[in-house]
Amino acid sequence: MRKIYVTTALLSLLLLSSFTVLAQSESREDLLKQIEAKRAELNKLEKTFLSPSEEDRKEFAAFLGTPDTGLIRLLPRETYDDNAAKDRQRIVTRGGGAYYSFTRLTHEYGYGSDIELSQDQLTTGFAGLDYGLLTNIGDIPLESVSMETPAASIFAGYHPPSEEPKIRLEQRRFQMGTDIQGISASRTLPMKLNSTYVLRSISYRESDVLIAFRVVRIDSDRSAIILWKLLKKNPAPQVARTNDN
């Protein structure tokens, strides 16, 4: 009789443990579903937070109705990127919404990013052999900028080298700031309201684009609303293989 009681008690304990594990498993699955739902909600909120306002879109609706144009917001990296802003307001998007790729149309850093906003400075060229040419052409309507615009024409005629040592030299040259046929060109320039810029962003094996953009508004958090258009898209430049022999 004692053996039967012990056996019954053990079976009851095992069944109780099984139910507990099952309940915990179901609870974890429920938590995972909640996490996924929260993540989707967060992504939606961040997309809204990163977007220009409806008023902005209405104001530039005619321009945005033309091909290869866009309207974006860049967030200041020092405020929103968790790699730069410890214990400050942050968002999950990699790069903190401070970067943008005009070819992939994403703020996510690491996907061929062409531009960055940080400390009221606009910068291009971020990793590896990538670099860029940036110039401010003043308070010129973006609609009037074309391939005939001197800065755009000169930047379009620039030929990036294919040998790594020469690429490194070009990176340093534009880091310091230089002059190309009378047009000043630099990797970094101050962000100025109502200024129009011409950008040539060169990402080896990825992309090579010529962009014109205009800073149409700067908000209180120093984020910038940028109106842009693609002037030219070149084949992705390649790095020449070296012969080690």
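In order along the range 169-180, the phi-based Karplus estimate (6.51 cos²θ - 1.76 cosθ + 1.60, θ = phi - 60°) of 3J(HN,Hα) comes to 5, 5, 4, 5, 4, 7, 4, 7, x, 8, 10, 10 Hz; Gly and Pro are listed as x.
Across the range 149-162, computed HN-Hα scalar couplings (Karplus, 6.51 cos²θ - 1.76 cosθ + 1.60, θ = phi - 60°) run 4, x, 4, 5, 5, 5, 5, 5, x, 6, 10, x, x, 10 Hz from first to last residue, x flagging Gly and Pro. Ordered from largest to smallest accessible area (heavy atoms of protein chains, 1.4 Å probe), the residues Arg241, Arg172 come out as Arg241, Arg172. Cross-link check: pairs Lys47/Lys229; Lys44/Lys232; Lys33/Lys58; Lys38/Lys233 evaluated at a Cα-Cα cut-off of 30 Å; pairs beyond the cut-off: Lys44/Lys232; Lys33/Lys58; Lys38/Lys233.
Lys192 contributes about 110 Å² of solvent-accessible surface, heavy atoms of the protein only, 1.4 Å probe.
The values are calculated or read from the model by the stated rules, or taken from the named source; none is laboratory data. Keep in mind that this is a model prediction, so the values were computed, not measured. For accessibility, only protein heavy atoms count, side chains too; no ligands or nucleic acids. Shrake-Rupley method; radii C 1.70, N 1.55, O 1.52, S 1.80 Å.
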